[in-house]
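The values are calculated or read from the model by the stated rules, or taken from the named source; none is laboratory data. Owing to the predicted nature of the structure, the values given are computational and were not obtained by experimental measurement. Here the Cβ positions follow ideal geometry from the backbone for every residue, glycine too, while neighbour counts run over all protein chains shown. Please note that ligands, DNA and RNA were not included when accessible areas were found on the heavy atoms of the full protein model with its side chains. Shrake-Rupley method; radii C 1.70, N 1.55, O 1.52, S 1.80 Å.
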Amino acid sequence: MFEQLGLIGCGLMGGSFALALKRGGLVKRVVGYSKSPSTTERARQMGVIDVEAPSALLAVSGADIVLLAVPVSATEATFKAIRHLITGNMLIMDVGSTKRDVVDAARRVLRDHIGSFVPAHPIAGKEVSGVEHADPDLYHGKQVILTPIERTQVTHLKRATDLWEAIGCQVTQMAPEAHDAAFAAVSHLPHLISFALMHAITNQPLGRDFLSLAGPGFRDFTRIAASDPKMWRDILIANKHELIEQAKIFQRSLANMLQAAENSDGEELERMINLASLSRANWRMGQKK
Ligand code: NAP
C-alpha cells in the first residue's frame, strides 16, 4: 500500500494507472499534474486524482510513488522539473513506449537518484488518448515490460513488480536496448506501415472511392492508423535507429514477395504466404515461442 501517488501526465495511461491503484486499495491519495490545467481539473472531477498540483514538482512533493505518463519527448524535462524533491525511498516509474531514450534521460538527470527509477512499458493502450478514456481495467491481464539498469535498486524493482502484478499484469524484464529492438519490429514498424498505407491510398485520385469499398480485413489491418499523431511522432523519432533496421528487413521481404508476383512465381509466393500464415496462426499474444 502506497500513501501518495504523484501522477505526472493525467491522460489515458496515467489516469488508468491511478484508477487501477485506487480500485485495488493500493494507494491512499493521488496528486496529479498535467500540462494543461483543464486536463488536471478534468482528472479531479472524474475522481482519477484527488488533488490538483500546479507543477510537476509539487505533484511529487510528499509522494512515495511517482508515475510519469507523459509523451516520451517530455521525459527529460519532467525529470529535471522533479529531481530536487526525489528521495531514495520514492519509487519512480514511467510508461513510455520507448525505453533507451527514457533510460538515457534518467541517467543524465537523476544521477544519484537513478536507483529509484524503474522504467516500465505496459503493453496496453487504446487508439484514443486523454483522461476521458481512462479505464481501471486497461492494464488487467496485460504484459508490462520493466527495463531496469545496473543501478536500479533491487528493492524498488521488487516494489514495482509487485504493484503491476497487483493490478493484474504479467511482468517481464528486458534490457532497454532489447526492448526497443523488439518493439520496433512488433509495434513501431507496424504503426508506420499502417500510417503509410492510409497515406498512400488517400493521396491518389480515386483513393476515397477505394476506401468506400474496403472491408473487415482493411479495417483490422489499419486499426492502429487512427492512433494519436503526437504520441507516435515521438515514438518513431525516439526509436528511429531500430525502426530503420526493421524497415530494411521488411523492405527485403516486401521486395521478394512483389518479385514473385511479378514473375508469376506461384510456388514461391505460396511458400512465403504459407510461412506467414502458419506463424500468424500459431501466434498468441504474450506467449513465448
Ligand atoms: P495522453 O492520453 O495524451 O496523456 C498524456 C498526458 O501527458 C496528457 O494529460 C498531457 O497533458 C500530459 N503531458 C504532456 N506533456 C506534458 C508535460 N511536459 N508535463 C506534464 N504533463 C504533460 O497519452 P497516453 O496515451 O496516456 O500516453 C502517455 C505515455 O504512455 C506515452 O509516453 C506513450 O508512449 C505511453 N504509452 C501509450 C500507450 C497507448 O496506447 N496510448 C501504450 C503504451 C505506452 P495535456 O492533456 O495537458 O496535453
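Considering only the range 1-57, how many residues are near the ligand (Cβ under 9 Å from one of its atoms), of a type in the set (A, V, I, L, M, F, W, C) and either in a strand (DSSP E or B) or surrounded by fewer than 18 Cβ atoms within 10 Å (Cβ to Cβ) (or both)?
The qualifying residues number 1.
Taking the condition of being part of a loop (DSSP other than H, G, I, E, B) and within 14 Å of the ligand (Cβ to nearest atom), how many residues in the range 58-85 meet it?
Taking the range 58-85 and keeping what is part of a loop (DSSP other than H, G, I, E, B), we get 61-64, 69-71.
If we keep only those that are within 14 Å of the ligand (Cβ to nearest atom) too, we end up with 69-71.
Total meeting the criteria: 3.
List the number of the failed condition for residue 155; all other conditions in (1) free of Cβ contacts under 8 Å to residues at least 12 places away in the same chain; (2) part of a strand (DSSP E or B) hold.
Unmet condition: (2).
Within the range 199-229, which residues are of a type outside the set (A, V, I, L, M) and surrounded by 11 or more Cβ atoms within 10 Å (Cβ to Cβ)?
Here is the first cut: in the range 199-229, the ones of a type outside the set (A, V, I, L, M) are 199, 202-205, 207-210, 212, 215-223, 227-229.
Listed by number, the residues that qualify are 199, 202, 204, 207, 210, 218, 221, 222, 223, 227, 228.
Can you tell me how many residues in the range 92-109 are more than 8 Å from the ligand (Cβ to nearest atom) and open to solvent by 10 Å² or more (accessible area, probe 1.4 Å)?
We begin by selecting, within the range 92-109, every residue more than 8 Å from the ligand (Cβ to nearest atom); these are 92-93, 99-109.
When the remaining residues are screened for being open to solvent by 10 Å² or more (accessible area, probe 1.4 Å), the result is 100-101, 104, 107-108.
Number of matching residues: 5.
Using beta carbons and a limit of 8 Å, which pairs, at least six apart or on different chains, have the first residue in the range 183-206 and in the same structural domain as residue 122 (by TED's automatic domain parsing) and the second one not in a helix (DSSP H, G or I)?
none
Read through the list (1) free of Cβ contacts under 8 Å to residues at least 12 places away in the same chain; (2) not polar (S, T, N, Q); (3) not in a helix (DSSP H, G or I), then give the number of the only condition that residue 171 fails.
Of the numbered conditions (1) free of Cβ contacts under 8 Å to residues at least 12 places away in the same chain; (2) not polar (S, T, N, Q); (3) not in a helix (DSSP H, G or I), the odd one out for residue 171 is (1).
For the range 230-261, how many residues are away from the ligand (no atom under 16 Å from the Cβ), surrounded by fewer than 14 Cβ atoms within 10 Å (Cβ to Cβ) and of a type in the set (A, V, I, L, M)?
Taking the range 230-261 as the starting set, the residues that turn out to be away from the ligand (no atom under 16 Å from the Cβ) are 241, 244-261.
After this cut, where a residue has to be surrounded by fewer than 14 Cβ atoms within 10 Å (Cβ to Cβ) as well, the list is 241, 244, 248-249, 251-256, 258-259, 261.
From what's left, of a type in the set (A, V, I, L, M): 244, 249, 254-255, 258, 261.
Residues that pass the stated criteria total 6.
Kindly state which helices (runs of 4 or more DSSP H) lie completely within the range 196-289 and contain at least 2 residues that are of a type in the set (Lys, Arg).
Once the helices (runs of 4 or more DSSP H) in the range 196-289 are filtered for at least 2 residues that are of a type in the set (Lys, Arg), what remains is 229-238, 240-262, 266-282.
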